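So the structure is just underneath, and the comments pick up after that.
Quick note: the coordinates plus some simple rules give every number you see, no bench work behind them. No experiment lies behind these values; they were computed from the predicted model shown. Glycine gets a Cβ as well: all are built from the backbone with ideal geometry, and neighbour counts include every protein chain shown.
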Amino acid sequence: MAVLIDLTLAAARDGLEGGGFSARELTQAHLDAMAEARPLNAYVAETAERALADADRADERRRRGEATPLEGLPIAVKDLFCTRGVASTAGSHILKGFVPPYESTVTANLWATGAVMLGKTNMDEFAMGSANVTSAYGPVVNPWRRRGDDTRLVPGGSSGGSTAATAARLCLAAIGTDTGGSIRQPAAFCGVVGMKPTYGRCSRFGMIAFASSLDQAGPITRSVQDAAIMLAVMAGYDPRDSTSVNRPVPDYESSLGTGIEGLRVGVPKEYRVDGMPAEIGALWQRGVNWLTDQGTEVREICLPHTEYALPTYYIVAPAEASSNLARYDGVRYGLRVDGDSVDDMYERTRAAGFGAEVKRRVLIGTYVLSAGYYDAYYLKAQKLRTLIAEDFRRAFESVDVILTPTTPFAAFPIGDKLDDPIAMYLNDVLTAPSSLAGLPAISVPAGLSTEGLPLGLQVIGAPFDEETVLRAAEALEQAADFDGSGWR
Amino acid sequence: MAVDEATVSKIARLARIAISEQERSGLADELSHILTWVERLNEVDTEGVAPMTSVVAVKLAQRADKVSDGDRSDDILANAPRRDGDYFVVPKVIE
């Protein structure tokens with residue numbers, strides 16, 4: 001059934017509709033592929049029984065003519081989403097065994113439209129990481145290798161399990177979350193499409209919180225059309241998330257296929273960061289040429305505070321994390337390590353339950369919020385965040401989308417960049433600015449590095465203009481003609 | 001900003017994370033390194049700039065002040081590491 005797992009989400013939907021195969025066959029093909037690919041460590045839990053039951057139900061509904069948009073399509077879920085009755089751990093030892101009594105809104109939307117749940121995917125602990133090496137379940141392995149070199153590479157992070165699973169045909173599509181690049185960066189490293197919608201587009205209810213003013217769910221797929229299909233189901237207003245936005249969800253899929261003639265594309269010179277390899281610059285230029293050839297008007301734009309985005313992010317995100325992660329105290333759920341007093345119990349539980357990167361960020365966050373340092377760090381960062389958002393707002397007065405590379409380099413070996421946290425943080429230098437501004441952005445696989453690894457181009461759009469982002473991404477996808485199975 | 005080991009102990013205490021003597025010196029170096037790096041923000045004049053409070057300009061929605069959920073103590077306690085009836089159990093707080 002190798003052919004079934006190679007289908008796009010859209011093609012599988014058409015195949016099910018045409019009666020060429022059943023949801024059960026499609027699901028079983030994925031479960032078989034998952035069993036074979038366990039060395040990648042992309043899944044932390046496979047929910048085979050549930051998947052087959054979902055598939056049978058989907059087949060039954062289709063027979064009755066009651067099929068909904070994702071009816072019978074097998075999907076993988078990042079372990080950051082709470083799934084009722086299925087352990088949800090955010091890749092952390094402190095949540096081992098936690099079985100949510102409720103369902104996140106985004107996953108509930110998937111199941112309500114007929115999707116089949118294959119399992120929960122591996123991730124950096126509490127989504128803090130860019131290489132999927134901080135997971136309590138061990139690293140994920142990127143299905144791609146350098147040409148003629150068998151060294152195991154990272155898939156990127158924090159949604160590394162979801163992007164590796166999508167690239168390796170272990171699901172038709174996956175969902176991830178993006179705080180500073182956690183969908184787009186691993187999508188670029190694994191040669192798949194990854195989209196972060198506008199902040200507020202998808203409900204955060206039931207997503208295990210990292211940095212609440214930045215966290216946003218999004219789709220990971222093997223085509224731009226598939227991203228449009230997924231986003232239409234995931235998005236929408238939810239009264240249970242006070243920051244979710246109450247505006248209609250467009251039919252994203254139907255906005256595709258209309259071309260991009262006349263579109264105004266901005267290229268920010270500040271994204272040419274120090275030490276960026278020549279091949280990334282060349283890829284970017286190819287992207288510019290592709291869009292120019294399709295009738296767009298490309299112009300240079302100025303986003304002057306770009307270089308301050310990453311340090312701003314590394315104050316804002318840890319500050320919010322230190323507050324959000326205060327809930328892990330050994331009392332209500334998860335790990336508990338006994339102590340002599342309640343404080344001793346808290347301290348031992350959190351010492352044993354959190355990994356090194358999470359501790360580092362909680363401590364940084366506690367420091368920048370503490371008395372005497374709040375103004376110098378946190379308030380300063382919030383002011384920079386205003387300036388960064390203002391840069392984008394001004395840019396979107398004269399352009400419709402912005403084109404940049406997604407990452408400053410390709411995937412690297414597991415174990416690299418571990419000695420220096422800042423070297424690891426630089427993975428997100430091109431994705432963090434749009435996160436701070438809450439903007440929709442997508443990574444599209446656009447070519448291979450000289451070593452044969454996938455590289456991505458990023459399209460950033462104005463708030464709630466996902467449709468134009470998807471159209472520009474589709475134009476890049478068509479011109480790039482990327483072979484997503486090149487890792488085989 | 002260089003963070004010394006005493007400061008590391010202080011913030012670890014605020015964050016309720018036990019750290020060993022051994023971890024402390026490593027953390028002092030790492031945190032100093034990161035804080036020095038983020039201090040680059042001081043290059044930017046932010047006089048008169050309003051700090052961001054909301055990334056998307058929307059008014060918080062109002063809802064009716066009515067109970068919408070409840071009577072779920074078993075759900076809420078289902079994951080408790082220690083429970084006694086309808087209570088979470090913690091180490092003794094009052095002598």
Given an 8 Å cut-off on Cα distances and at least 6 residues of separation, report the relative contact order of chain B as a percent.
21 percent
Cβ-Cβ FRET estimate between A:ASN246 and A:THR151, R0 fixed at 56 Å, reported to 0.05:
0.70
Given only helices, namely DSSP H runs of n ≥ 4 each adding -39500 (n - 2.57), what is the per-residue ellipticity at 222 nm of the protein assembly as shown, to the nearest 500 deg cm²/dmol?
-11000 deg cm²/dmol
Could you state the number of Å between the C-alpha centres of segment A:433-461 and segment A:111-129?
21 Å
Checked segment A:210-321 against the a/c 1.5 cut and the a/b vs b/c comparison, axes a ≥ b ≥ c from its Cα gyration tensor; verdict oblate
Label points 7 Å out from Cα along the Cβ direction at A:GLU270 and A:ALA376: separation in nm?
2.5 nm
Rank B:GLY48, B:GLY26, B:GLY70 by mean-square fluctuation in a GNM of chain B with C-alpha springs under 10 angstrom and give only the top-ranked residue.
B:GLY70
Rough spin-label spacing in nm, given labels placed 7 Å along Cα→Cβ, for B:GLU43 and A:ASP6:
5.0 nm
May I ask you to list the aspartates and glutamates whose Cα is less than 15 Å away from that of A:LYS196, ignoring any residue fewer than eight positions away on the same chain?
A:ASP178, A:ASP215, A:ASP226, A:ASP428, A:ASP465, A:GLU466, A:GLU467
How much of the calculated P(r) for chain B lies past 16 Å, in percent of all Cα pairs?
78 percent
For segment A:265-275, in order, what is each residue's ³J(HN,Hα) by Karplus, 6.51 cos²θ - 1.76 cosθ + 1.60 with θ = phi - 60°, in whole Hz (x at glycine and Pro)?
10, x, 10, x, 5, 5, 7, 7, 6, 3, x
Positive-end extreme of charge dipole, chain A - chosen from A:VAL44, A:PHE412, A:SER323 (charges on Cβ):
A:SER323
Simple label model, 7 Å out from Cα along Cβ direction - B:ARG13 to A:SER212, nm
2.8 nm
Would you mind checking A:LYS96/B:LYS66; A:LYS380/B:LYS10; A:LYS383/A:LYS417; A:LYS96/B:LYS92 for any pair whose Cα atoms are more than 27 angstrom apart?
A:LYS96/B:LYS66; A:LYS383/A:LYS417
Normalised contact order of chain A, rounded percent, pairs of Cα under 8 Å and 6 or more residues apart:
17 percent
How long is the gain from A:ALA87 to A:TYR102 if the chain were fully straight, where each residue apart is worth 0.36 nm and the alpha carbon distance is subtracted?
4.3 nm
Report, as an integer, the average count of C-beta atoms from other chains found within 10 Å of each Cβ along B:79-85.
5
